[in-house]
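J.: Sharing a structure below in C-alpha cells format, with a few things to ask.
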Amino acid sequence: MAVKKEDHRVRYTKMVIKDSLLDLMKERSINKITVTEICKKAGINRNTFYSHYANQFDLLTSIEEELYEDVKQVVKSNMNFESTETLPYELCKYIKKNQNICEILFSENGDKKLLERILYISHDYTIKDWKKGSHPFDEELFENWYTFTAYGTIAIIKKWITNGTIESPEEISNFIDKATEAVSKEFY
C-alpha cells in the first residue's frame, strides 16, 4: 500500500504548531505550556491541534523524533567511512545548521535525555570499529570509554550551543576528536 502524501496545508499547519511550541519553550519548559497557549500562538483552534497531536507532550515528542531521525541519517551516512573522525564534524555541522531548534531542545527547557540519545546512535557502529582493531576487545572497558567520551561530548556541545555556536563546527569537532583520541590512547 502506498503512503499517502500529506497535503501542503496540513504540513503548513503542523509547521506552525511546532514553531509555536518551540517559541514558547524558549521561555519555559513543556510542563508549564498548555495546548491553549500553543493554539493561541499558532492562530489555530484546539480541534485543529487535536487532529494532529494528542497533547503538548505528543507534539514535543514528534519534534524530537524528527530531529533524532535526521541525526540518525547523518550518523549512518558517516559510519561507512574508514575514519570516524568525520562523524563529530558532520554532527556539529548539523547542529550549527539547525541551531535554533537544537538550542531549544538541548536547553534546560528541553528533554534532558535527547542529546544523550542522539550521541548513543553511533554506539553500535563504534563497537564494530573497535572490534576490528588489532587490540583485544574488552566490552566493559569500551562501555566505560564510550560513556566517558559521550558525556564529555554532550558537555562540549551544550556549552557550544549555550555560547551561540561562535566556534565553527570544524573547531568543535577537532576538539572532540582530540579529546576522544587522547582518552583512547590511554587504553590501547
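Each reported figure results from applying straightforward, stated rules to the coordinates on display, with no laboratory input. The shown structure was predicted, so the numbers you read here are calculated from the model rather than taken from an experiment. Counting neighbours? That spans all protein chains shown, and the Cβs are built from the backbone with ideal geometry, glycine included.
J.: Could you give the length gained on full extension between residue 47 and residue 162, defined as 0.36 nm per residue of separation minus the Cα-Cα distance, in nm?
T.: Values: separation 115, 0.36 × 115 = 41.40 nm, distance 3.61 nm.
Extra length from residue 47 to residue 162 when fully extended: 37.8 nm.
J.: Mind checking which of 107, 120, 62 is farthest towards the positive end of segment 62-185's charge dipole, using Cβ charges of +1 (Lys, Arg) and -1 (Asp, Glu) about the Cα centre?
T.: The residue sitting farthest along the positive end of the dipole is 107.
J.: State the dimensionless ratio Rg/Rh of the chain (Rg: radius of gyration of Cα atoms; Rh: Kirkwood radius). Display every interim value, and only then the final one.
T.: Values: Rg = 19.3 Å, Rh = 18.4 Å.
With Rh from the inverse mean 1/r over Cα pairs, Rg/Rh is 1.05.
J.: Taking 0.36 nm per residue of separation and subtracting the Cα-Cα distance, what length does fully extending residue 123 through residue 155 add? Provide the component values of the computation, followed by the final result.
T.: Details: separation 32, 0.36 × 32 = 11.52 nm, distance 1.76 nm.
Once the chain is fully extended between residue 123 and residue 155, it gains 9.8 nm.
J.: Separate question: Cross-link partners among aspartates and glutamates for residue 26, C-alpha distance below 20 Å, same-chain residues fewer than 8 apart left out?
T.: Correct list for residue 26: 37, 58, 64, 65, 66, 103, 108, 111.
J.: Taking every eigenvalue of the Cα gyration tensor of segment 1-53, multiplying by 5 and rooting it, what semi-axes result, largest first, whole Å? Spell out each step's value before the answer.
T.: On the way: eigenvalues 111, 25, 20 Å².
Working from the Cα gyration tensor, I get semi-axes of 24, 11, 10 Å.
J.: Beyond a 23 Å Cα-Cα separation, which of these cross-linked pairs lie in this structure: 96/158; 131/178; 93/178; 32/112; 18/76?
T.: On the way: 96/158 12 Å; 131/178 21 Å; 93/178 17 Å; 32/112 16 Å; 18/76 26 Å.
Pairs exceeding the cut-off: 18/76.
J.: Continuing with this model, one more query. With the contact rule set at Cα under 8 Å and sequence spacing of 6 or more, what percent relative contact order holds for the chain? Mind showing how you got there, number by number?
T.: Working: 126 pairs, mean separation 40.3, N = 188.
Once divided by the residue count of the chain, the mean separation gives 21 percent.
J.: Now for a separate question. For the chain, give the magnitude of the charge dipole about the Cα centre (Cβ charges: +1 Lys/Arg, -1 Asp/Glu; no others), in debye to the nearest 20.
T.: On the way: 27 positive and 31 negative charges, 195 e Å.
Rounded to the nearest 20 debye, it is 940 debye.
J.: On to the next question. Work out the charge dipole of the chain with +1 on the Cβ of Lys and Arg and -1 on the Cβ of Asp and Glu about the Cα centre, then indicate which of 43, 156, 89 is farthest towards its positive end.
T.: 43
J.: Report, by chain and number, residues whose modeled amide H sits under 5 Å from the one on residue 110, excluding near sequence neighbours (fewer than 5 apart, same chain).
T.: Answer set, sorted by chain and number: none.
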